[in-house]
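Undergrad: After the structure tokens below, expect a handful of questions from me.
The values are calculated or read from the model by the stated rules, or taken from the named source; none is laboratory data. The shown structure was predicted, so the numbers you read here are calculated from the model rather than taken from an experiment. Cβ sites come from the backbone with ideal geometry, for glycine too, and all protein chains shown count toward neighbours. Note: accessible area is taken over every heavy atom of the protein model, side chains too, but ligands, DNA and RNA are not part of it. Shrake-Rupley method; radii C 1.70, N 1.55, O 1.52, S 1.80 Å.
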Amino acid sequence: MGLSTQRASNKRRSSLNRSGKPLSQGSGLSGLRPAGRAVLFGRAAGAFALAATILLAVALPLSAQSPEGQLWEKDAASRVQAVALSEDGNRVAVGRRDNSLQLFDGSGELLWPFEAGNSILGVDISPDGQWLAVASEDRFVYLLDGEGNELWKFKAARPMNNAAVAGDGSLVAATSDDLSVYVFDNQGNLLWQEELGIGVRAVDVYGSGEKARVVLGSDDGLITIYNRDGRDLLRAWLDYSVVSVSVTPNGARILAGAGDGSAILLNGSNGNQIWSFRAEDTVKSVSLASNGASALVGSEDGSAYLLDGGGMLMHRFRQESEVLSVGLSGDGSRLSIGTVSGAARVYDRAAALRGAARSSAQRQRTLIAVVGVIALLLLAAVWAARNTAAGQQLWQRSATGPLGVMQTMWSARLSYLLILPTLALLLTFNYYPAFSGLYHAFTEWSPGVRTEWVGLANFQSLLENRFFLSGFRNAAILVVVSIAKTMTMPLLVAEFIFNLRNRFSQYWFRTLFVVPIVLPAVVEILVWNNIYDPAIGLLNESLKLVGLEQLTRVWYGDASVALGSIIFIGVPWVNAFALLIFYGGLISISNEIIDASRVDGASTWRRFWSIDLPLLMGQVKLLLILNFINAVQTFELVFLTTGGGPGASTYTPALELYYKAMRMDRMGIASAIGMILFFIILAGTIINMRFVSSSTEYEA
């Protein structure tokens with residue numbers, strides 16, 4: 001080609017560039033000028049922004065709804081620990097932690113207050129509202145009349161934790177922290193007492209006169225029906241402790257709240273289970289309508305579950321805090337809820353169900369809108385791929401990749417055939433459980449029983465779970481501390497051993513620091529449990545020995561120091577695995593580099609910062625990833641020490657995952673927690689890979 005011909009060719013290319021056309025048909029998006037690409041991506045971003053606007057416009061009304069069916073509410077600074085309703089719902093008794101008992105009418109007007117000597121722990125009201133039994137932490141059980149007058153009281157050895165009264169006020173039963181049940185007549189005479197020898201706080205009374213019966217539930221899972229004289233008529237066993245019981249006036253149905261988060265309806269004549277409902281957290285209180293056609297279950301997850309006569313969920317009343325007590329009127333038309341935050345609320349069931357129906361219809365419209373927007377976006381993408389030059393080029397470029405991969409695999413088919421068994425085992429035992437967890441995070445899942453798609457409901461419940469949310473704070477602390485432990489003491493010890501001049505000393509010191517790795521981590525945790533023992537533990541005894549007795553405490557039982565006590569376990573934190581990783585990195589450093597630094601007069605400290613640490617960045621990156629993953633998944637350390645307590649001071653998300661899956665059988669929510677942890681670990685790993693550079697990356 002001559003010089004003039006080449007210049008003409010270049011001139012034609014420049015004219016094509018100025019016209020804005022692509023340089024070649026096969027160049028795809030890379031052939032577009034920056035301005036063209038900006039326009040293309042700007043249009044795509046605009047389409048997605050429009051879709052997001054539509055979705056928000058549809059979804060916002062859902063979040064703006066007010067509580068449906070609420071008749072009235074009474075708020076106070078003290079939490080509500082007991083509520084009870086009369087048969088017609090026109091008498092509502094509210095007992096609080098501040099020692100007060102208040103009786104309201106159906107419109108929320110205060111009729112009268114009553115003051116006990118300590119917190120009110122249990123309240124029951126007769127169907128006609130003329131008798132109230134009150135259990136208080138001052139060790140008294142009280143019987144009041146409909147006007148709030150004290151008729152009599154009885155004092156036990158320990159606090160009274162619950163009380164129930166017969167429909168005609170002829171029989172009062174009370175449970176106490178002294179592991180006993182007390183039964184009285186209308187005059188306050190003790191008819192009988194039984195020392196059960198185990199915790200009991202679930203009690204109710206049905207019938208009247210000589211036919212009055214006491215229903216008792218204890219921590220060993222036993223439900224017992226006693227007659228007026230104290231003879232047991234029926235026994236039924238549950239798998240978990242009985243937290244609360246409620247009985248129909250004729251005794252035909254018994255609703256029990258169990259410690260595993262279940263509400264179980266039993267046949268009162270034979271004790272057989274009729275149905276069971278599982279709440280998302282520990283059940284605190286249950287109430288059964290007189291006709292047995294509806295039930296209310298209060299849970300620690302901040303919800304009150306309204307069930308029909310078959311145990312199916314009708315509506316979920318979400319509260320701002322833990323629900324401690326619930327009550328139903330005789331026909332189930334009114335219900336009351338008491339919460340930890342101090343709110344006592346009364347709802348109308350019919351209005352609440354109508355509001356739920358409207359919300360359900362609105363959610364359906366939202367779903368239809370979302371599906372419609374997605375369909376429009378897909379149609380737009382298909383149209384662009386068929387009718388625009390950029391779309392056609394992008395489609396062609398993306399299609400050639402898979403075809404090339406298939407051709408390469410076919411040419412090496414024997415090799416792929418040989419690794420097929422290993423791949424099959426990996427898919428079965430590693431990848432399948434992982435993808436199964438991702439799918440079941442959006443379901444209510446009982447393995448082998450049922451799998452019901454619930455969408456984002458599991459994640460929504462986690463956002464309202466105070467234990468799960470507080471666990472992230474603790475997990476963040478554990479991540480920071482774990483990384484600090486791994487990046488300091490093991491590296492320091494590895495440097496000390498590496499700088500020993502005698503190889504014999506290097507060998508034995510290395511061995512001494514590594515030998516503890518043969519002991520299971522559980523053994524170390526159990527040893528530290530003995531050290532922290534408040535009665536005979538080494539730590540408290542040592543403090544007493546040196547005159548610091550004022551510093552002794554229940555290390556795992558004090559919320560202010562429990563997490564710190566767990567973090568302190570394993571001091572001086574010389575992790576043998578991290579030590580070997582760092583030591584291996586140090587001995588791999590070329591002797592020529594070290595000799596050169598000595599010739600240049602570099603001190604040990606200077607050599608550490610300028611040579612050792614930069615060349616150990618590969619090991620640092622590895623340990624950062626591993627420790628981040630282990631810290632986010634912290635489970636056994638907390639489980640074997642505090643169990644997440646006291647309260648939620650040492651709770652972690654992984655511990656909540658275990659409790660949901662193993663103790664409450666909430667596999668769907670447990671899968672949702674696992675999915676959240678997966679994405680947190682994925683994000684942390686990507687950040688680590690992106691911003692921590694190893695020595696080879698420095699060379700590149």
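Undergrad: Could the peptides 454-460, 83-89 be put in order, highest first, of the mean number of other beta-carbon atoms found within 10 Å of their residues?
TA: Descending packing order for the listed peptides: 83-89, 454-460.
Undergrad: Skip the ligands, DNA and RNA, and give the accessible area per residue of the chain with a 1.4 Å probe, whole Å². Walk me through the intermediate numbers first.
TA: Numbers: 36380 Å² over 700 residues.
Roughly 52 Å² per residue, with all protein chains present.
Undergrad: Another question about this same structure. Which value, in debye to the nearest 20, gives the size of the charge dipole of the chain about its Cα centre, when Lys and Arg are +1 and Asp and Glu are -1 at the Cβ?
TA: With only Lys, Arg, Asp and Glu charged at Cβ, the dipole is about 5080 debye.
Undergrad: Using only Cα atoms and rounding to the nearest 10 degrees, what angle (0 to 90) does helix 413-426 make with the longest principal axis of the chain?
TA: Value to nearest ten degrees: 20.
Undergrad: For the stretch 496-636, taking Cα atoms only, what is the radius of gyration to one decimal and the Dmax to the nearest whole Å?
TA: 20.2, 59
Undergrad: On to the next question. Order of 92-99, 234-241 by packing, highest average Cβ count within 10 Å first?
TA: Numbers: 92-99: 23.2, 234-241: 16.4.
Per-residue mean Cβ counts within 10 Å order the peptides as 92-99, 234-241.
Undergrad: What FRET efficiency, computed as 1/(1 + (r/R0)^6) with R0 = 22 Å and r the Cβ-Cβ distance, is obtained for Leu456 and Tyr431, rounded to the nearest 0.05?
TA: On the way: r = 24 Å, r/R0 = 1.10.
Efficiency, from the Cβ-Cβ distance: 0.35.
Undergrad: With label points built 7 Å along Cα→Cβ from the Cα atoms of Phe635 and Asp239, find their separation and express it in nm.
TA: A separation of 1.9 nm, rounded to one decimal place.
Undergrad: Across the stretch 135-146, in residue order, what do the Karplus-derived ³J(HN,Hα) couplings come to in whole Hz, using 6.51 cos²θ - 1.76 cosθ + 1.60 with θ = phi - 60° and x for Gly and Pro?
TA: 10, 10, 6, 7, 6, 9, 10, 10, 10, 10, 8, x
Undergrad: Then there's this: Where does the charge balance sit around Ser290 when Lys and Arg score +1, Asp and Glu -1, over other residues with C-beta under 13 Å from its C-beta?
TA: -3
Undergrad: Okay, next question. Using the per-residue mean of other Cβ atoms lying within 10 Å as a proxy for protection, in what order, highest first, do the peptides 365-373, 195-203, 212-220 fall?
TA: 212-220, 195-203, 365-373
Undergrad: Estimate the FRET efficiency between Leu378 and Ala293 by the formula 1/(1 + (r/R0)^6), using the beta-carbon distance for r and 60 Å for R0, to the nearest 0.05.
TA: 0.80
Undergrad: So, one more: Can you tell me what the convex hull of the Cα atoms of the stretch 80-294 projects to on average, as an area in nm²?
TA: Over all viewing directions, the stretch 80-294 projects a mean Cα-hull area of 10.6 nm².
Undergrad: Would you be so kind as to identify which of Phe691, Ser126, Asn387 lies farthest towards the positive end of the dipole of the chain, taking Lys and Arg as +1 and Asp and Glu as -1 on Cβ and the Cα centre as origin?
TA: After comparing all options, I get Asn387.
Undergrad: Where does the chain land on the Kirkwood hydrodynamic radius, alpha-carbon pairs, in angstrom? Write out the running numbers ahead of the final one.
TA: Values: mean 1/r = 0.0319 Å⁻¹.
About 31.3 Å, per the Kirkwood formula over Cα pairs.
Undergrad: Hull surface divided by four, with the convex hull built on the Cα atoms of the stretch 429-505: how many nm²? Don't skip to the end; give the middle numbers.
TA: Working: hull surface 38.3 nm².
Over every viewing direction, the Cα hull of the stretch 429-505 projects on average to 9.6 nm².
Undergrad: Give the span of the stretch 286-383's Cα atoms along each principal axis, as three whole-Å numbers ordered largest to smallest.
TA: So the extents along the principal axes, rounded to whole Å, are 62, 30, 20.
Undergrad: Same structure again: Just report the Cα centroid separation between the stretch 437-460 and the stretch 191-267, whole Å.
TA: Value for the Cα centre distance between the two parts: 34 Å.
Undergrad: Any idea how far the Cα center of the stretch 562-615 sits from the one of the stretch 310-368, in Å?
TA: Cα centroid to Cα centroid, the span is 60 Å.
Undergrad: Let me ask you something else. Once R0 is set to 60 Å, what does the formula 1/(1 + (r/R0)^6) return for the Cβ-Cβ distance between Asn90 and Val523, expressed as a FRET efficiency to the nearest 0.05?
TA: It comes out at approximately 0.45.
Undergrad: Between Leu353 and Ala77, what is the label-point separation in nm under the 7 Å Cα-to-beta-carbon projection?
TA: Once both label points are built, they end up 4.1 nm from each other.
Undergrad: Same structure, new question: Give me the Debye-computed log₁₀ of I(q)/I(0) at q = 0.08, 0.13, 0.16 Å⁻¹ for the stretch 460-697, equal point scatterers on Cα only, no solvent, two decimals.
TA: Once normalised to I(0) and log-transformed, intensities are -0.41, -0.93, -1.18.
Undergrad: In whole angstrom, note down how far apart the Cα centers of the stretch 405-431 and the stretch 91-158 are.
TA: 72
Undergrad: In percent, how large is the relative contact order of the chain, given Cα pairs closer than 8 Å and 6 or more residues apart?
TA: 9
Undergrad: May I pose another question? Provide the gained length on full extension for the span Gln407 to Phe679, in nm with one decimal, where the gain is 0.36 nm per separating residue minus the Cα-Cα distance.
TA: Between Gln407 and Phe679, full extension yields 94.5 nm more.
Undergrad: In the stretch 555-655, how does Rg compare with the Kirkwood Rh, expressed as the Rg/Rh ratio over alpha carbon atoms?
TA: Reported Rg/Rh (Cα atoms, Kirkwood Rh): 1.18.
Undergrad: Also: Enter the angle in degrees (range 0 to 90, nearest 10) between the Cα long axis of helix 576-587 and the first principal axis of the Cα atoms of the chain, meaning the one along which they spread out most.
TA: Around 10 degrees separate the two axes.
Undergrad: For the chain, which whole-number percentage of the solvent-accessible area (1.4 Å probe, protein heavy atoms only) is attributable to carbon and sulfur atoms?
TA: 61
Undergrad: Take Ser415 and Ile274, extend 7 Å from each Cα along the Cα→Cβ direction, and tell me the distance between the two endpoints in nm.
TA: 6.8
Undergrad: Further question on the same structure: Given H placed on each backbone N at 1.01 Å, which residues far from Gly167 in sequence or on other chains put an amide H within less than 5 Å of it?
TA: Those lying under 5 Å, H to H, from Gly167 are Gly207.
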